[in-house]
Amino acid sequence: MAIPTSGYPTTLDDTNATPSATVEFPQPASATDLDATNVEHDILHTNLSKAIVKLQTKLGITDSNPTTGTILQGTGSGSAWSSTLAAITLGGAVTGGDQVMSAVTHKDYSETVYAGGNTATSKTLAETNGNVQTWTMTGNCTFTMPSGSGLQAGTSLTLILTQDGTGSRTGAFTGVKWAGGAAPTLTTTATTGIDVLTFITFNGGASPVWYGFVAGAAMA
């Protein structure tokens, strides 16, 4: 059976549509004469048949019952339910909901850089802002490291700390283990003193243990 190339609906059906030459599926009243102009019985059947064939062409003619974890995808000759996502280009942000992605190869990727601004004398860090964060040290600051039920084991955090115009600002970090048991001394140079610190937790959760490393001191 040849698939018609024309005669398909051009707009969504309107259940209140008044019969006319531009309405493919008018809704005749109970007393409407089905041989009246624009509601002829054979025309309605013809239009409906063409629409069904076109729908089959777009959606496919195989089992249309979805199973758990599948999505309807175009196959080029119709569509099918599948749990395998074909190559696509994302047009917006995707929230993973802390779910596991296995056997993934990443290429040309980056991490969100969060510009935190001034530290003042205390700052509570949140990995949800971004795993790379920049801060300007405007006081001797105590950093409270991230914690909570949403903090996943294996989370890493990079801090890029820049001294303000006064300089010699110090940093303390709660719940962090450092090599040799001693926290690093931050660069003291005003304005241009930059230190890069990295952290990782292997347990996460409400009471995480963070391990800290000096990735770069006195960067210039």
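FYI, it's all coordinate maths here, none of it is from the lab. Predicted, not measured: the structure shown is a model, and the values here were computed from it. Cβ sites come from the backbone with ideal geometry, for glycine too, and all protein chains shown count toward neighbours.
Some observations on this one:
- Cα-based equivalent ellipsoid of the range 96-177: semi-axis lengths in Å, sorted from largest, via gyration tensor: 28, 15, 10
- Across the range 128-145, computed HN-Hα scalar couplings (Karplus, 6.51 cos²θ - 1.76 cosθ + 1.60, θ = phi - 60°) run 5, 6, x, 8, 10, 9, 10, 9, 9, 6, 10, x, 6, 9, 9, 8, 8, 6 Hz from first to last residue, x flagging Gly and Pro.
- The chymotrypsin sites (Phe, Trp or Tyr not before Pro) of the range 96-194 that DSSP puts in a loop, and whose beta carbon has at most 11 other beta carbons within 10 Å, are Tyr109.
- The calculated P(r) of the range 64-103, using every Cα pair and 5 Å bins from 0, goes 6, 17, 18, 27, 19, 11, 2, 0 in percent.
- Percent antiparallel among DSSP beta bridges (both partners in the range 101-220, rounded to 5): 40 percent
- Here the spin labels are modelled as points 7 Å beyond Cα on the Cα-Cβ line, and at Ile88 and Tyr109 they lie 1.8 nm apart.
- Among residues other than Arg169 with Cβ under 14 Å from its Cβ, the summed charge is -1 (Lys and Arg +1, Asp and Glu -1).
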